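Asker: Here it is, the structure, as structure tokens.
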Amino acid sequence: MGPADLAGRPEHRGPALGRGLDSFGALAPSTLYLAPHGLLAGTAAADAVAAGLAWRIAGGWTAASLLKIFARKPSGGADALVVSIPEFSAWLDRNDSPAAERLRRLAERLRAPRPAWAGLPLDRPHVMGIVNVTPDSFSDGGDHASTAAAIAHGLALRAAGAAILDVGGESTRPGAADVSLEAEIARVVPVIRGLATEGALVSVDTRRAPVMAAALEAGAVILNDIEALTQPGALALAVEAEAPVALMHMQGEPRTMQADPCYDAAALDVFDWLEARVAAAEAAGLPCERILVDPGIGFGKALGHNLEILAALGLYHATGAGILLGVSRKSFIGKIDGSTDPRRRLGGSLAAALDGWRQGAQVVRVHDVAETVQALAVAQAIAGA
Ligand code: 9MG
């Protein structure tokens, strides 16, 4: 990784810049963000929570023994302050400034247990298996382009432990050919119908409302939208269908998104955007319990942005929604180790998925289901011993 790859990374990777909670408490509330830090899992989490030294995050398996407060700088980037849970709790108890109110609200959202989503309990991790039905898929090269092969692939992923099968008919790889509405529907509908008939929990990976409607009609239950229900009719359709949804962040559009992605502070900018989409969904009648947010790794992000977002993934619990993470075989892994073939990124995919688990992400979207399920099982077994 060279210096150019890290361009745009804010300065908040450094120490706390000598500012205490009281000086952060005097800042404009909207500049402040709260992330779980000093994360523990399993028995360590239970012990620290019982001792009053940690907070359980989102009612899940992780607990934060520290908190990281980010404050945007007017010049761009962010400062950060790391505080212990007892220190932060005592400060909140004696403060009612607007900044303290904002941090209190974020803390409540960080901690609130999540209800089941699409019938899946979110106090444990789940694997979403990828079923691409595209001739130009960047990861499986169209191996599953035929309906029968795609259904067989999906059923194999389910047998390997995928709780959800995510069926998509449009490649978002930069440079991929456009697909018509009719062609996208023709690709995904028979596969969704075949998988749903077999009892699988199916999500449809699409940005277009007519495809969503056809997919739901064919038996899909979940809408996974890389454009977070921003296309015409998509949000209204999700509300009307009472569908569980995954709302992903993307800067720009797939064809050009990697040209020159630009952020003030990537993790915080993505937080603001996702928080606003959750608010828009709620205002339209789609409650937070039906939403997973997803920072959209690789979608309009340089390597430094992706790493910054992954390192601060726990921030997104403070949207109040669950978290979905997609890192499988992505190009950021290749930018770290030089791997050019996505199929040779299993190690990096597992490392990133496990770090997502460590930070409490409830759903990981992967190609290599069996390997991911095994990695998660081992990490959980060790944490629980
Ligand atoms: C369709 N798709 C490709 N990558 C993705 C990711 O990271 N998240 C979600 N939700 N969908 C994705």
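Asker: Do we have any residue at all in the stretch 230-252 that's at pLDDT below 95 and open to solvent by 40 Å² or more (accessible area, probe 1.4 Å)?
Answerer: yes
Asker: For the stretch 324-346, state whether one or more residues are within 16 Å of the ligand (Cβ to nearest atom), open to solvent by 10 Å² or more (accessible area, probe 1.4 Å), of a type in the set (Lys, Arg) and under 30 Å from residue 243 (Cα atoms).
Answerer: yes
Asker: Scan the stretch 169-203 residue by residue and report those that are surrounded by 23 or more Cβ atoms within 10 Å (Cβ to Cβ), of a type outside the set (S, T, N, Q) and within 17 Å of residue 155 (Cβ to Cβ).
Answerer: 188, 191, 192, 195, 200, 202
Asker: Under 7 Å by Cβ, and 6 or more places apart or on different chains, what pairs join a residue from the stretch 22-45 that is more than 25 Å from residue 356 (Cα to Cα) with one that is open to solvent by less than 40 Å² (accessible area, probe 1.4 Å) and hydroxyl-bearing (Ser, Thr, Tyr)?
Answerer: Note: pairs meeting the criteria are 25/97.
Asker: Let me ask another. On the given criteria, is residue 265 within 16 Å of the ligand (Cβ to nearest atom) and either modelled with pLDDT under 95 or touching a Lys or Arg at 6+ places or on another chain (Cβ under 9 Å) (or both)?
Answerer: So residue 265 fails the test.
Asker: Tally time: how many residues in the stretch 85-111 are open to solvent by 40 Å² or more (accessible area, probe 1.4 Å) and either in contact (Cβ under 8 Å) with a residue 12 or more places away in the chain or within 22 Å of the chain's Cα centre (by Cα) (or both)? Please lay out each step first, then the result.
Answerer: First, the residues of the stretch 85-111 that are open to solvent by 40 Å² or more (accessible area, probe 1.4 Å): 86-87, 90, 93-94, 96, 98, 101, 104-105, 108-109, 111.
So of that shortlist, the ones also either in contact (Cβ under 8 Å) with a residue 12 or more places away in the chain or within 22 Å of the chain's Cα centre (by Cα) (or both) come out as 86-87, 98, 101, 104-105, 108-109, 111.
Here the count works out to 9.
Asker: Going by the conditions given, is residue 161 closer than 14 Å to residue 365 by Cα, more than 13 Å from the ligand (Cβ to nearest atom) and either in contact (Cβ under 8 Å) with a residue 40 or more places away in the chain or open to solvent by less than 50 Å² (accessible area, probe 1.4 Å) (or both)?
Answerer: Details: closer than 14 Å to residue 365 by Cα: yes; more than 13 Å from the ligand (Cβ to nearest atom): yes; either in contact (Cβ under 8 Å) with a residue 40 or more places away in the chain or open to solvent by less than 50 Å² (accessible area, probe 1.4 Å) (or both): yes.
The answer is yes for residue 161.
Asker: For residues that are within 15 Å of the ligand (Cβ to nearest atom) and open to solvent by 20 Å² or more (accessible area, probe 1.4 Å), tally how many sit in the stretch 308-323.
Answerer: 1
Asker: Test residue 79 against the stated conditions and say whether it is touching a His at 6+ places or on another chain (Cβ under 8 Å) and modelled with pLDDT under 95.
Answerer: yes
Asker: Further question on the same structure: How do the pairs read when you match residues in the stretch 208-221 that are within 14 Å of residue 235 (Cβ to Cβ) and open to solvent by less than 40 Å² (accessible area, probe 1.4 Å) with residues anywhere that are assigned to a loop (DSSP other than H, G, I, E, B) and modelled with pLDDT under 95, using Cβ under 9 Å and keeping only pairs 6 or more apart or on different chains?
Answerer: Partner pairs satisfying both residue conditions: none exist.
Asker: Okay, next question. If you take the residues in the stretch 269-293 that are in contact with a Leu (Cβ under 8 Å, 6 or more places away or on another chain) and open to solvent by 10 Å² or more (accessible area, probe 1.4 Å), which one is farthest from the ligand (Cβ to nearest atom)?
Answerer: 284
Asker: Same structure, new question: Give the stretch 299-355 a look and list any residue that's closer than 22 Å to residue 165 by Cα, over 11 Å from the mean Cα position of the chain (by Cα) and outside any helix (DSSP H, G or I), or say none.
Answerer: Listed by number, the residues that qualify are 299, 328, 329, 330, 345.
Asker: Would you point out which residue out of 255, 207, 173 is basic (Lys, Arg), over 18 Å from the mean Cα position of the chain (by Cα), within 16 Å of the ligand (Cβ to nearest atom) and within 19 Å of residue 130 (Cβ to Cβ)?
Answerer: 173
Asker: Now for a different question. Can you pull out every residue in the stretch 66-84 that is open to solvent by 10 Å² or more (accessible area, probe 1.4 Å) and under 20 Å from residue 322 (Cα atoms)?
Answerer: 68
Asker: Can you confirm whether the stretch 362-376 contains a residue that is in a loop (DSSP other than H, G, I, E, B), within 16 Å of the ligand (Cβ to nearest atom) and under 12 Å from the mean Cα position of the chain (by Cα)? Walk me through it before giving the result.
Answerer: Step one: filter the stretch 362-376 for residues in a loop (DSSP other than H, G, I, E, B), giving 362, 367-368.
Then keep just the ones that are within 16 Å of the ligand (Cβ to nearest atom); that gives 362, 367-368.
Those still in the list that are under 12 Å from the mean Cα position of the chain (by Cα) too: 362.
Yes, there is a match, as at least one residue in the stretch 362-376 is in a loop (DSSP other than H, G, I, E, B), within 16 Å of the ligand (Cβ to nearest atom) and under 12 Å from the mean Cα position of the chain (by Cα).
The values are calculated or read from the model by the stated rules, or taken from the named source; none is laboratory data. Treat the numbers as computed from the prediction; the structure is a model and nothing was measured. We place every Cβ from the backbone using ideal geometry, glycine too, and count neighbours over all the protein chains shown. Surface areas here come from the heavy atoms of the whole protein model, side chains and all, with no ligands, DNA or RNA. Shrake-Rupley method; radii C 1.70, N 1.55, O 1.52, S 1.80 Å.
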